[in-house]
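Accompanying notes for the structure given below.
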Amino acid sequence: NLQGKTALVTGSTSGIGLGLAASLAAAGAQVILNGFGEVEQAKTHIAGLGAAPGYHDADLSDPQQIADLMRYVELEFGGTDILVNNAGIQHVSPLESFPVDKWNAIIAINLSSVFHTSRLALPGMRERGWGRIINVASVHGLVASKDKAAYVAAKHGVVGLTKTIALETARSAITCNAICPGWVLTPLVQQQIDKRVAAGVDPQQARDDLLAEKQPSQEFVTPEQLGELALFLCSDAAVQVRGAAWNMDGGWLAQ
Ligand code: NAD
């Protein structure tokens, strides 16, 4: 039961972030949403599960806007108890032609934002004597795929940062862990399926091929399943789970 806890989920207007926010709201947490796009839809969805959510439109590529977001949570909701670092983007291209601006954006959003939100959330967690940091890394935090240089570098970085934060908080009731999903059917992955369809592959075939290359279950992981894992990491039973990079990937990493 997360009654009385606040949960900031970055990048929570869509996909995995919205699913994690829904699980946390249904468990009683006061959720704070962040991200772009279908903001009103996301707010309505979360309000239907629990307390009306907070929302801040910070662009997580900008440390100043991250500071504004963290101050908003502090002033309006008394600080962040559960920090879910989920915002992330992808770009697929061979290294030699990888656009430099995409590299910089992916490192900023997928990796540096985790440093900034964490450094700003930790003092309050220490004061209150409890905290959970859950970093949504990826199987690409533990293994690579070709054409995803920035994403793989950033996600490996997130796994490393997770371990460091876990050590620095080890003598407290604050834990920091990463979760490492395989393929989840969200807009981020749909873009990669659409690329295959644009190249002339039938849509169902494109999905099947994508899974067959990496995910032995031949099924997508769902945001709801990841939500259950996040709830476990928030529980008292998980207090000695520290610095883990926990995959939920249909067997991707077993190969
Ligand atoms: P998505 O595109 O559905 O959602 C991304 C969210 O981040 C959206 O809410 C978007 O508005 C927000 N966002 C994007 N740029 C932002 C910025 N600059 N500032 C603030 N918010 C921003 O993607 P998703 O698939 O749900 O991905 C969520 C996380 O899960 C990412 O970190 C991604 O790397 C990771 N992940 C996804 C998969 C997958 O298969 N979909 C697998 C492993 C890990």
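Nothing in this text is a laboratory measurement; each read-out follows from the coordinates by a stated rule. This is a predicted model, so every value here is computed, not measured. Using ideal geometry, Cβ is built from the backbone for each residue, glycine included, and neighbour counts are taken over all protein chains shown.
Scanning region 166-186 for residues that are touching a helix residue (DSSP H, G or I) at 6+ places or on another chain (Cβ under 6 Å) and either assigned to a helix (DSSP H, G or I) or small (Gly, Ala, Ser) (or both) yields 178, 182.
Looking at region 142-157, which of its residues are within 18 Å of the chain's Cα centre (by Cα), in a helix (DSSP H, G or I) and aliphatic (A, V, I, L, M)? Matches in region 142-157: 150, 152, 153, 154. Set side by side, the residues 33, 18 differ, and just one is among the hydrophobic types (A, V, I, L, M, F, W, C), under 20 Å from residue 131 (Cβ atoms) and outside any loop (DSSP other than H, G, I, E, B), which is 33.
Candidates 217, 138: the one that is buried (at least 22 other Cβ atoms within 10 Å of the Cβ) and either among the small types (Gly, Ala, Ser) or more than 12 Å from the ligand (Cβ to nearest atom) (or both) is 138.
When residues in region 90-106 are screened for being within 12 Å of the ligand (Cβ to nearest atom), in contact with a helix residue (DSSP H, G or I) (Cβ under 7 Å, 6 or more places away or on another chain) and assigned to a helix (DSSP H, G or I), 1 of them pass.
Whether a residue is part of a helix (DSSP H, G or I), touching a residue at least 60 places away in the same chain (Cβ under 8 Å), closer than 30 Å to residue 51 by Cβ and of a type in the set (Gly, Ala, Ser) was assessed, and residue 87 does not pass this test.
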